[in-house]
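For reference, the structure discussed in these notes is given below.
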Amino acid sequence: MKKNRLEAFSDGVLAIIITIMVLELKAPEGFEISDLKPLAPKFLSYVLSFIYLAIYWNNHHHLMHTVTKITSGILWANMNLLFWLSLIPFTTSWLGEHITECDPMSLYGFNLLMAGISYWILTNRIIAADGNDSLLLRAIGKDFKGKISVILYLIALLSLQFIYGLAPFIFVIVAIMWIIPDTRIEKSIEH
């Protein structure tokens with residue numbers, strides 16, 4: 001399989017995920033701006049999730065530029081990532097309906113954690129396929145950013161038992177960390 005086919009498939013799945021997520025947003029019954037206020041939690045959870053999906057799409061695009069060959073390990077790791085990303089519309093919807101409750105926030109955080117771990121697995125499968133001369137390995141090195149993201153997700157999940165407001169704050173911080181596409185990969189490709 002060529003990497004273009006994997007990229008096209010992944011792009012299609014992500015487009016469907018975003019479409020499903022936006023279909024969850026329903027217009028209010030009323031016609032005044034004040035009628036939108038009850039929808040604020042759903043809208044805020046949608047915005048954060050959309051940002052996360054955009055981050056994954058951007059970084060996946062950069063990852064694919066480093067791939068020299070597609071292995072079955074890469075295919076399965078990519079499907080694992082897409083699986084966890086495909087759950088984001090569900091966890092976003094539940095969180096939006098119950099933004100102050102611990103279980104929906106926990107499930108949302110677990111979903112983000114598993115997507116982060118899956119992305120890490122995918123990067124490692126790409127590196128393994130290319131060996132010691134891997135462009136991706138040279139670009140990300142020890143992947144501090146990826147590892148710290150997973151640690152922050154774990155801290156967010158643990159904090160839900162003690163300080164509820166810390167978890168959404170951490171989710172936003174991780175998104176801010178990744179909002180700019182990984183320039184390490186871009187710079188490696190240019191060289």
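Amide hydrogen proximity for Asp143: with H placed 1.01 Å from N in the peptide plane, no residue at 5 or more positions away or on another chain lies under 5 Å. Evaluating 6.51 cos²θ - 1.76 cosθ + 1.60 at θ = phi - 60° for every residue in segment 168-173, the Karplus couplings come out as x, 4, 5, 4, 5, 4 Hz, glycine and proline recorded as x. Taking every C-alpha pair closer than 8 Å and separated by at least 6 residues, the mean separation divided by the residue count of segment 27-138 gives a relative contact order of 34 percent. For segment 2-10, 3J(HN,Hα) computed residue by residue from phi via the Karplus equation (6.51, -1.76, 1.60; θ = phi - 60°) reads 8, 5, 4, 5, 4, 4, 5, 4, 4 Hz, glycine and proline entered as x. Comparing Pro41, Pro168, Pro28 in a Gaussian network model of the chain, where Cα atoms under 10 Å apart are tied by springs, the biggest mean-square fluctuation is seen for Pro28. Normalised by 2.2 N^0.38 Å, where N is the number of residues, the alpha-carbon radius of gyration of segment 22-126 equals 1.30. Taking a point 7 Å from the Cα of Leu154 along the Cα-to-Cβ direction, the residues of segment 96-131 with backbone N closer than 15 Å to it are 110, 113-118, 120-121. Think of each Lys and Arg Cβ as +1 and each Asp and Glu Cβ as -1; about the Cα centre, that makes the dipole of the chain roughly 700 debye. Our helix-only sum for the chain, with -39,500 (n - 2.57) per DSSP H run of n ≥ 4 divided by its residues, gives a mean residue ellipticity at 222 nm of -25000 deg cm²/dmol. Highest GNM mean-square fluctuation among Glu32, Glu97, Glu24, for the chain modelled with Cα contacts below 10 Å: Glu32.
Close lysine pairs were tallied over the chain: pairs 8 or more places apart or on different chains with Cα atoms under 14 Å apart number 4. Each residue of segment 91-96 is assigned a 3J(HN,Hα), and the resulting list reads 5, 5, 5, 5, 4, x Hz, derived from the Karplus form 6.51 cos²θ - 1.76 cosθ + 1.60 (θ = phi - 60°), x at Gly and Pro. For the chain, set up a Gaussian network in which alpha carbons nearer than 10 Å are linked by springs, and say which option among Ser34, Ser106, Ser118 fluctuates the most. Highest fluctuation among the options: Ser34. For segment 1-45, trypsin sites (Lys or Arg not before Pro) are listed when DSSP marks them as loop and at most 15 other Cβ atoms sit within 10 Å of their Cβ; the list is Lys2, Lys26.
Go through segment 75-165 and name the trypsin sites (Lys or Arg not before Pro) that are in a DSSP coil and have 10 or fewer other Cβ atoms within 10 Å of their Cβ. When the trypsin sites (Lys or Arg not before Pro) of segment 75-165 are filtered for loop state and at most 10 Cβ neighbours within 10 Å, Lys142 remain. Sequence-distant contacts, meaning Cα pairs under 8 Å at least 6 residues apart, place the relative contact order of the chain at 27 percent. Rounded to the nearest whole angstrom, the semi-axes of the ellipsoid equivalent to the chain, taken from the Cα gyration tensor as √(5λ), stand at 32, 19, 14, largest first.
Neighbours of Ser10, meaning other residues whose beta-carbon lies under 15 angstrom from its beta-carbon, give a summed charge of +2 when Lys and Arg score +1 and Asp and Glu score -1. Toward the positive end of the charge dipole of the chain, with +1 on the Cβ of Lys and Arg and -1 on the Cβ of Asp and Glu, the farthest Cα among Ile16, Ser134, Met64 is that of Ser134.
Just so you know, all these numbers are worked out from the coordinates, no wet-lab data involved. Quantities reported herein were computed from a predicted structural model and do not represent experimental measurements. Counting neighbours? That spans all protein chains shown, and the Cβs are built from the backbone with ideal geometry, glycine included.
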